[in-house]
C-alpha cells in the first residue's frame, strides 16, 4: 500500500532547509536519509513513542505539537518538553540499549516523520559534520534537562510554575498572550506538582496581576515579576 505524504514531508530537502541537524547533509546523503522513512498523522492524545518500546527510528515532527515525558512510579508523569516541528528525538536509548527512554504523545493534530536508525547511523559514520551536529543536538538536550532537574527539585512551587509559564511564553508560543495547548493536569506535570496545586498558584498569580486567565487563554502581564519569582525559587 502506498501511503501519501503531506506537503511538508514529501522530501528530506524540507528537513534540510528547516533543521540545523540535517543542514550539513549533501543531496546524496539526503537520499540515504529519505530511504524507508515514513510519515504518520496522530490525533490529539495519541502515542507517538512509548517509553520502554524498541528504539527503531529517530522521529521529527512535521506538524503540530507533542509532549515528551517520563513515566514514573504509580503512573506519575513528568513532562520534560513540549515538542514542536523539526525537533529530532528518539535518543538516548538508540545508542545504548535500543529502547526509548521516554514517551511522546500528541497535544494537537500532529504529523511525524520516522527515520530508520540505521540510516542515521550510516550518515554519522560517514559525515563528521553531521556527527558533530548530532552531538551538539544531544548536548543541548542534556543541558536543558539539567536546568529542568534543578527547577523541579530545588525550587518551591511558585518558582516551578513561574518557570513553566516563562517556558510556554518564551520558548513554546513565543508571545506573552497565548492559548494553552495543555491542560491544568499537564501544567502540573510540567512543574512536578498536582493539578490542584498548579491551579491554585495560577489563581494566585492572576489575583496578584502577574497573569490574566480567560478560559484556555493566558496573558503574561508582568514578565519581570515572573522572572523574579523564578530566580527566588
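Quote to one decimal, in nm, the extra length available between residue 121 and residue 146 on full extension: 0.36 nm per residue of separation minus the C-alpha distance between them.
Between residue 121 and residue 146, full extension yields an extra 6.4 nm.
Could you state the principal axis extents of the C-alpha atoms in the chain, from the largest down, to the nearest angstrom?
Here the spans come out as 58, 34, 33 Å, largest first.
Per the Debye formula with a single identical scatterer at each Cα and no solvent contribution, what log10 I(q)/I(0) holds for the range 192-233 at q = 0.17, 0.22, 0.28, 0.33 Å⁻¹?
One equal scatterer on each Cα of the range 192-233 leads to -0.48, -0.78, -1.09, -1.15.
Counting each DSSP H run of 4 or more residues in the chain as -39500 (n - 2.57), what helix-only mean residue ellipticity at 222 nm follows after dividing by all residues, to the nearest 500 deg cm²/dmol?
On the way: 8 runs with 92 residues, N = 233.
After summing the helix terms and dividing by residue count, I get -12000 deg cm²/dmol.
Would you mind classifying the range 18-154 by shape? Square roots of the alpha carbon gyration tensor eigenvalues, ordered a ≥ b ≥ c; an a/c under 1.5 is rounded, otherwise it is prolate if a/b is larger than b/c and oblate if not. Provide the component values of the computation, followed by the final result.
Numbers: a/c = 1.79, a/b = 1.40, b/c = 1.29.
Since a/c reaches 1.5 and a/b is larger than b/c, the shape of the range 18-154 is classed as prolate.
What is the helix-to-structure angle for 117-126, meaning the angle in degrees between its Cα long axis and the longest Cα principal axis of the chain, kept from 0 to 90 and rounded to the nearest 10?
That helix lies at roughly 70 degrees to the long axis.
Mind jotting down the distance between the C-alpha centroids of the range 83-113 and the range 148-187, whole Å?
When both Cα centres are located, 21 Å separates them.
Taking the chain as the reference, fit the longest principal axis to its C-alpha atoms, fit the long axis of helix 195-207 to the helix C-alpha atoms, and give the angle between the two in degrees, 0 to 90, nearest 10.
Roughly 60 degrees, rounded to the nearest 10.
Using the alpha-carbon atoms, what tilt in degrees (0 to 90, nearest 10) does helix 223-232 show relative to the longest principal axis of the chain?
Here the helix axis deviates by roughly 90 degrees.
Every number here is computed from the coordinates shown, using simple stated rules; none is lab data. Computed from a predicted structure; not experimentally measured.
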